[in-house]
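Novice: Here it is, the structure in full.
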């Protein structure tokens with residue numbers, strides 16, 4: 001009798017352990033699914049709009065970022081627009097006798113086409129490789145020209161990393177308002193549904209890890 005009771009107790013304990021482990025696995029899977037599905041939404045982090053001294057178009061995301069900057073300019077949020085100058089194949093193409101028109105010139109044309117006076121558009125002087133260099137240049141030019149607040153327009157999935165970089169490299173002075181470009185095709189609710197968005201999400205999380213780690217991975221040197 002004692003052996004039978006002991007066996008039944010042991011069997012019941014094993015069942016409870018199995019059910020507990022199953023519940024843990026189900027719970028972990030549910031949490032993992034929620035985190036996975038929400039990964040795109042979490043990257044989108046916008047500041048409230050307010051008046052600023054300048055609007056800045058970050059490189060990439062044509063024509064959406066420039067369009068967004070033009071809309072903000074026409075709404076009266078700032079009196080001028082800056083455009084960054086990204087690295088391009090100028091040198092290699094020049095060696096082949098081919099004239100290269102940089103992305104910054106296309107962004108300028110988009111702004112003018114959307115109603116921003118050309119006199120109110122400035123292309124930043126330095127060639128930049130990545131967002132870290134863009135943030136440093138924007139902050140440097142703001143200090144040089146006495147500007148205190150900038151609205152930076154970028155892609156939705158890029159907003160959190162831009163703000164994190166600004167806080168890391170610049171702090172609270174000068175100030176920045178980070179906004180996403182309306183019309184950008186990034187689909188936060190189903191970012192895994194196409195290669196463009198999937199690669200963008202992976203790139204942003206890798207970039208954020210680099211920021212949180214203290215920026216151990218630095219931009220490559222210009223040729």
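Novice: Restricting the first residue to region 106-128 and requiring it to be at positive phi, which pairs with a second residue that is assigned to a helix (DSSP H, G or I) meet a Cβ separation below 6 Å and a spacing of at least six or different chains?
Specialist: From region 106-128, the pairs are 115/74.
Novice: Out of the residues in region 89-121 meeting the condition of being farther than 13 Å from residue 66 by Cβ and touching a strand residue (DSSP E or B) at 6+ places or on another chain (Cβ under 9 Å), tell me which one is surrounded by the most Cβ atoms within 10 Å (Cβ to Cβ).
Specialist: That would be 102.
Novice: Which one of 174, 219, 156, 182 is closer than 25 Å to residue 66 by Cβ, touching a residue at least 60 places away in the same chain (Cβ under 8 Å) and over 16 Å from the mean Cα position of the chain (by Cα)?
Specialist: Just one listed residue meets the conditions, 219.
Novice: Further question: Here are some conditions: (1) at pLDDT 95 or above; (2) in a helix (DSSP H, G or I); (3) over 16 Å from the mean Cα position of the chain (by Cα). Residue 136 meets all but one. Which one does it not meet?
Specialist: Every condition holds for residue 136 apart from (3).
Novice: Looking at region 166-189, which of the residues that are surrounded by 11 or more Cβ atoms within 10 Å (Cβ to Cβ) and assigned to a helix (DSSP H, G or I) is modelled with the lowest pLDDT?
Specialist: 188
Novice: Another question about this same structure. For region 53-85, give me the residue count where each residue is closer than 19 Å to residue 156 by Cβ and not in a loop (DSSP other than H, G, I, E, B).
Specialist: Here the count works out to 13.
The values are calculated or read from the model by the stated rules, or taken from the named source; none is laboratory data. This is a predicted model, so every value here is computed, not measured. Note that we place each Cβ from the backbone using ideal geometry, even for glycine, and neighbour counts take in every protein chain shown.
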